[in-house]
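Each remark here refers to the structure printed beneath this line.
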Amino acid sequence: MTPYDAPPAQAPVSTPVPETTPDALLDAFARRVSYLRVSVTDRCDLRCVYCMAEKMVFLPKAEVLSLEELERIASVFIGLGVRRLRLTGGEPLVRKGFMGLVEALSRRLDGGGLEELTLTTNGTRLAHHAADLARLGVRRINVSLDTLKPDLFRTLTRGGDLGQVLAGLEAARAAGIACKINTVALARDNADEIPAMIQWAHGLGMDLTLIETMPLGEIEGDRTDQYLSLTDLRIRLASFWTLQDLPLSTGGPARYLRIAETGGRLGLITPMSHNFCESCNRVRLTCTGTLHTCLGQDDATDLRALMRGGASDDDLAGAIRAAVMGKPKGHDFRIGAGEGPALTRHMSTTGG
Ligand code: SAM
Ligand code: SF4
């Protein structure tokens, strides 16, 4: 039995920072990489229409990193100065032994080099895990939710139960975890509901971030008829709300606004209509151990092959440094009628 088979039994022990970071993980454009997103599985219990095909073919188990391998690579990144780690998928909470990984990584919080351990989840299994996540030091999570209408939720997720997600949110909030809602803006399906969703989230003290659909991975149907420009949506919201730009930058693709009437924060992720690359501080590790230094480019470094070929932690660190040095300046998504996905990899493999 590996440590990952058992549910976490005790609170994390904080360890001193063993590594120093004499030279931070810098790219050729002097951007410092301090944020890693790790997809822990390509599998999911939902099949959101914009994310996956209905009959997804998932990866053979041997191709997916073991939890020990995931922890090892994450630790090398922390040694290189990564301070924020987000676990995602697929759906992270469907991976067997996942809470053991959270427990192992949580030991790097509080003086172990890591400042923040977070999660992006669809929320279906959150009710079950919220208290343990909180105990292990997870202070914030992102929960993806595109509608508050049970029937539409079932349609958009191809079978999901909205009640589970709402129960998960309640449990997380009760456990003291700050929840941010991520909502993909869909021209046909939820465009009219977005103001009500913002009011609902802000009413409960939760931020909400809207995401434009990105052309990642083959899905059935045409994504272009669902594309909703957030620039246009912002104009619509400004016709009845007072929107104030916030200077906040997380080094990610979101821009933030305060809505005076609700008092809450709204994030806008607009990869299609704006370039967010100049301040990008993040890289992504797929569940197969491929490092992508840009969500919108095909650059890739196969850390799994190195690791399974016997590479030392220093070898891995060297490969990561080299990959980061080659981080592209920016991306170039296009979405247009008849065009295929800009990139063939799915968001569920890369981690959103
Ligand atoms: N299963 C988890 C969830 O849904 O939160 C984590 C993985 S999911 C791939 C991460 C985020 O990516 C979700 O907020 C989802 O809505 C978003 N996403 C998936 N496919 C997308 C696409 N093609 N365009 C924009 N956002 C997408
Ligand atoms: Fe699953 Fe998240 Fe993709 Fe939906 S967006 S299918 S919940 S991985």
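The values are calculated or read from the model by the stated rules, or taken from the named source; none is laboratory data. Just so we're clear, the structure is a prediction, and the values are computed from it rather than from any experiment. Positions of Cβ are generated from backbone atoms using ideal geometry, with glycine treated the same way; all protein chains shown enter the neighbour counts. For accessibility, only protein heavy atoms count, side chains too; no ligands or nucleic acids. Shrake-Rupley method; radii C 1.70, N 1.55, O 1.52, S 1.80 Å.
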Solvent-accessible area per residue for the stretch 35-350 at a 1.4 Å probe radius, Å²? 39 Å²
Scoring the stretch 35-350 by relative contact order with C-alpha pairs under 8 Å, at least six apart, yields a percentage of 20 percent
The summed charge of the D45 Cβ neighbourhood (under 12 Å; Lys/Arg +1, Asp/Glu -1) stands at +3
Please list W200, W241 in order of solvent-accessible area, largest first, computed with a 1.4 Å probe with all protein chains present. W200, W241
So the pair-distance distribution of the stretch 35-350, from every Cα-Cα distance in 10 Å bins, comes to percents of 6, 26, 37, 25, 6, 0
Using a 1.4 Å probe on the protein chains only, how many percent of the accessible area of the stretch 102-179 belongs to carbon and sulfur? 48 percent
Could you let me know the centre-to-centre spacing of the stretch 161-177 and the stretch 77-133, using Cα atoms, in angstrom? 17 Å
Alpha carbon centroid spacing (whole Å) that separates the stretch 179-212 from the stretch 295-313: 36 Å
Report ³J(HN,Hα) in whole Hz for each residue of the stretch 254-259, in order, from the Karplus equation J = 6.51 cos²θ - 1.76 cosθ + 1.60 where θ = phi - 60°; Gly and Pro get x. 8, 10, 10, 10, 9, 9
What are the principal axis extents of the Cα atoms in the stretch 98-150, in Å, biggest first? 43, 18, 14
